[in-house]
Amino acid sequence: MGNNIKSTLPQNDNVKEYLKAVEDRFCSADKSLEGRLMAEFITMKFDGNRGMHEHVLEMTNLATRLKTLGMNVDESFLVQYILNSLPAQYRPFQIHYNTIKEKWNVNELLGMLVQEESRLKQQGQHFVNVTSHRAENKGKKSKKSFKKIH
């Protein structure tokens with residue numbers, strides 16, 4: 001137990017009263033933690049800074065922590081919530097999921113999303129640099145221009 005919690009508990013010779021004080025202290029801390037975890041879970045979006053695997057694991061870990069605090073997060077709800085946390089480039093994937101009959105569990109979804117992430121990275125944006133050279137002014141340095149073509 002942390003020193004900050006020990007110092008706020010009353011000194012007590014009776015073990016039952018001491019444990020009751022500890023329980024009361026953690027009850028209010030749990031409510032605060034529930035609210036923070038729920039806010040974090042609800043606002044989490046995939047931004048591409050981390051991989052898809054990390055994103056799904058983080059959402060799953062938050063759901064598990066909420067379950068330990070008494071807030072049950074159903075697996076089908078978690079699957080839908082993960083899908084809703086994805087950016088627009090995953091819309092075709094979401095549409096595909098909604099059109100198939102079977103429901104995936106989180107592990108199946110994770111595998112499919114990692115494949116989709118890989119496909120989107122391969123598809124990616126391709127850049128070509130074009131260089132042109134003008135030779136109209138003899139004796140002067142030629143001008144080079146660069147254009148980026150998407």
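Just so you know, all these numbers are worked out from the coordinates, no wet-lab data involved. Values in this document were obtained by computation on a predicted structure and should not be read as measured data. All Cβ positions, glycine included, derive from the backbone under ideal geometry; neighbour counts span all protein chains shown.
Over the Cα atoms of segment 44-125, Rg to Rh with Kirkwood Rh, two decimal places? Radius of gyration relative to Kirkwood radius: 0.97. Over segment 44-125, what is the relative contact order in percent, taking alpha-carbon pairs closer than 8 angstrom and at least six residues apart? Relative contact order of segment 44-125: 38 percent.
Net length available on complete extension from R119 to A88 is 9.7 nm, with 0.36 nm assigned per residue and the Cα-Cα distance removed. The phi torsions of segment 97-107, fed into the Karplus equation with coefficients 6.51, -1.76 and 1.60 and a -60° offset, translate into couplings of 4, 5, 8, 7, 7, 7, 9, 9, 8, 5, 5 Hz, rounded to whole numbers, with Gly and Pro shown as x.
Between E40 and N14, how high is the FRET efficiency from 1/(1 + (r/R0)^6) when r is the Cβ-Cβ distance and R₀ = 41 Å? Nearest 0.05. FRET efficiency, E40 to N14: 0.60. Computed from label points 7 Å out along Cα-Cβ, the spacing between N107 and L33 is 2.7 nm.
Shown in residue order for segment 69-81 are the 3J(HN,Hα) couplings computed by the Karplus curve 6.51 cos²θ - 1.76 cosθ + 1.60 at θ = phi - 60°: 8, x, 9, 6, 10, 5, 5, 5, 5, 4, 4, 5, 5 Hz (x for Gly and Pro). Count charges around V79 for me, please; just the other residues with Cβ under 13 Å from its Cβ, Lys/Arg as +1, Asp/Glu as -1. Summing Lys and Arg as +1 and Asp and Glu as -1 gives -3.
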